[in-house]
Amino acid sequence: MAPAFVGRLLLLFIAVPAVELMLLIEIGERVGLLATIGLIMGTGIVGASLARRQGMSTLARLRADLDAGRVPAEPIVDGVLILVAGAMLITPGLLTDFAGFLLLVPACRQMVKRSLKRRFGRAVRKGSVGVTVGFDGAGDSSEWPPMKNVTPRGPTDPGR
């Protein structure tokens, strides 16, 4: 496993909960236990409701793209980010709630999508990520046709 990946996992599973706990203790001392619990529950409920509403809207966009014969790439990425936001919002803590709410703001989600697209593009160019086009999921992977130099078709391509 790469050292950078291990470092990110440590940050995710150790540092973030530790900071969350410190924040919750500090807020609990300032406003009281019941208010802190109310804040945690309130952000979870409001966040889950917002995530559900945006998720349903994204699902409708996904269906519309499929019905129109378009690849629903953007609604899929939006759906994943909304799912991540929902998970962050039901996780007790203020930092995760803040990050989850940010992912529910369409402008912030758009910035995250652009960043992910750049990172994915760099990974594909470096060859650390491969993209397979044309596999329908049926059968054994040994039945895949050999694919070399696959170029995506553009919207004006007659083969589309």
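Values in this text are rule-based calculations from the coordinates and carry no lab data. Bear in mind that the values here come from a model prediction, so they are computed numbers and not experimental data. Ideal geometry is used to build each Cβ from the backbone, glycine not excepted, and the neighbour counts take in all protein chains shown.
Of all residues in the stretch 50-94, those that are part of a loop (DSSP other than H, G, I, E, B), free of Cβ contacts under 8 Å to residues at least 12 places away in the same chain and not β-branched (Val, Ile, Thr) total 4. Filtered by the rule that a residue be over 20 Å from the mean Cα position of the chain (by Cα) and farther than 19 Å from Met41 by Cα, the stretch 8-28 gives Ile14, Ala15, Ala18.
Please count how many residues of the stretch 29-49 are under 13 Å from Leu94 (Cβ atoms) and among the polar types (S, T, N, Q). The qualifying residues number 2. Inspection of the stretch 81-93 finds no residue satisfying the criterion of being under 29 Å from Leu23 (Cβ atoms), in contact with a Leu (Cβ under 8 Å, 6 or more places away or on another chain), surrounded by 13 or more Cβ atoms within 10 Å (Cβ to Cβ) and of a type in the set (Ser, Thr, Tyr).
Residues of the stretch 33-53 that are more than 19 Å from Ala87 (Cβ to Cβ) and surrounded by 16 or more Cβ atoms within 10 Å (Cβ to Cβ): Thr36 alone.
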